[in-house]
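Have a look at the structure below before the remarks.
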Amino acid sequence: MQRLWQELGFVEPVPMKQPLFVLIAVLTLALGTGFAQLKTGTTPLDDLKLQPSNVKTEWVTYKGRKALRVTDIAPASVGGIDRPIILNKTEFQDGVIEIELTGEPGPNAGEGARGFVGVAFRVMSDAEKDAANVAAKYECFYLRPTNGRADDQVRRNHSTQYSSYPDFDFARSRAEAPEKYESYVDLEPGAWTKFKIVVDGRKARLYVHGAEQPCLIVDDLKLEPRDGGVALWVGPGTEGYFANLKVTPKK
């Protein structure tokens, strides 16, 4: 037993007179921090029923991993909203959402396409939406991958975005609070990108590439904090890819 404890990195062995649950707890901690990591909380996207809106979805292998490809097929009249892919059986108010994603302009995209790709949360359910007779409501963080390495500094400064639909899109945020809801982060179109959102009440943080510090901070989310769904999200002219979703609600 002493040898086992030494291999686990503990200097002194735990006396056997200690209750058995102590040994189990410490071994569990050691396995969780140093050895094989279990993907507890990871939600396989193909286990969820998708509710796409104005997009085409299909399962593909993209750059070495199984992914959901999402392609904008909305008519031009739809504009820049209403392209969420709602994930059934997800309920989220506060906590952490992690995913790997990437986006790039599709083959028939317009000149203003940026490969818009992101995640929406606190999405109003269909039943609530129909009862209220309103468009979908949700909070959203997304990326503009083609802006990340653009030669134009202003475009670079618009690499990330927070929006709240339907009443607070990027155009309104730029008009009312320039630069407050956008920021720069290095991005490449078509490159897998780690994307994490941390939400607590009216506050949310966006982390990209596994960074310890957020690249975008929002302290005044526009919708009232409440339970809602999680959705994948793409913008006009986008071909996006999503994999390895993990949703961890706050306890």
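The values are calculated or read from the model by the stated rules, or taken from the named source; none is laboratory data. Treat the numbers as computed from the prediction; the structure is a model and nothing was measured. Cβ placement follows ideal geometry from the backbone for every residue including glycine, while neighbour counts extend to all protein chains displayed.
Looking at region 236-245, is at least one residue modelled with pLDDT under 95 and in a loop (DSSP other than H, G, I, E, B)?
Yes, that holds for at least one residue.
Tell me, which residue of region 56-98 that is at positive phi, outside any strand (DSSP E or B) and out of contact with any Gly (no Cβ under 9 Å at 6 or more places or on another chain) is surrounded by the fewest Cβ atoms within 10 Å (Cβ to Cβ)?
Applying the filter and picking the extreme gives Gly64.
Taking the stated definitions as given, is Asp227 in the same structural domain as Gln51 (by TED's automatic domain parsing), of a type outside the set (Val, Ile, Thr) and closer than 20 Å to Leu48 by Cα?
For Asp227, the condition - in the same structural domain as Gln51 (by TED's automatic domain parsing), of a type outside the set (Val, Ile, Thr) and closer than 20 Å to Leu48 by Cα - is met.
Please tell me if Ala120 is assigned by TED's automatic domain parsing to the domain that holds Gly229 and either touching a Pro at 6+ places or on another chain (Cβ under 9 Å) or modelled with pLDDT of 90 or more (or both).
The answer is yes for Ala120.
Counting only residues that are crowded, with 16+ Cβ neighbours inside 10 Å and at pLDDT below 85, which one in region 34-52 is nearest to Thr248 (Cα to Cα)?
Of everything passing the filter in region 34-52, Thr43 is nearest to Thr248 (Cα to Cα).
Could you please let me know if Ala113 is within 26 Å of Leu187 (Cβ to Cβ), modelled with pLDDT of 85 or more, assigned to a loop (DSSP other than H, G, I, E, B) and touching a strand residue (DSSP E or B) at 6+ places or on another chain (Cβ under 7 Å)?
Answer is yes for this residue.
In region 144-185, which residues are of a type outside the set (A, V, I, L, M, F, W, C) and touching a strand residue (DSSP E or B) at 6+ places or on another chain (Cβ under 6 Å)?
Pro145, His158, Thr160, Gln161, Tyr162, Ser163, Ser164, Tyr165, Asp169, Tyr181, Glu182, Ser183
Kindly list the number of the only condition in (1) modelled with pLDDT of 50 or more; (2) out of contact with any Ser or Thr (no Cβ under 7 Å at 6 or more places or on another chain); (3) basic (Lys, Arg) that fails for Arg83.
(2) is the only condition that Arg83 fails.
Of the residues that sit in region 168-212 and are small (Gly, Ala, Ser) and under 13 Å from the mean Cα position of the chain (by Cα), which one is surrounded by the fewest Cβ atoms within 10 Å (Cβ to Cβ)?
Looking at residues that are small (Gly, Ala, Ser) and under 13 Å from the mean Cα position of the chain (by Cα), I get Gly210.
Is it fair to say Asp219 is out of contact with any Phe, Trp or Tyr (no Cβ under 6 Å at 6 or more places or on another chain) and more than 26 Å from Gln93 (Cα to Cα)?
Answer is no for this residue.
Could you check, for region 144-167, whether at least one of its residues is at pLDDT below 95, under 20 Å from the mean Cα position of the chain (by Cα) and in a loop (DSSP other than H, G, I, E, B)?
Yes - at least one qualifying residue is present in region 144-167.
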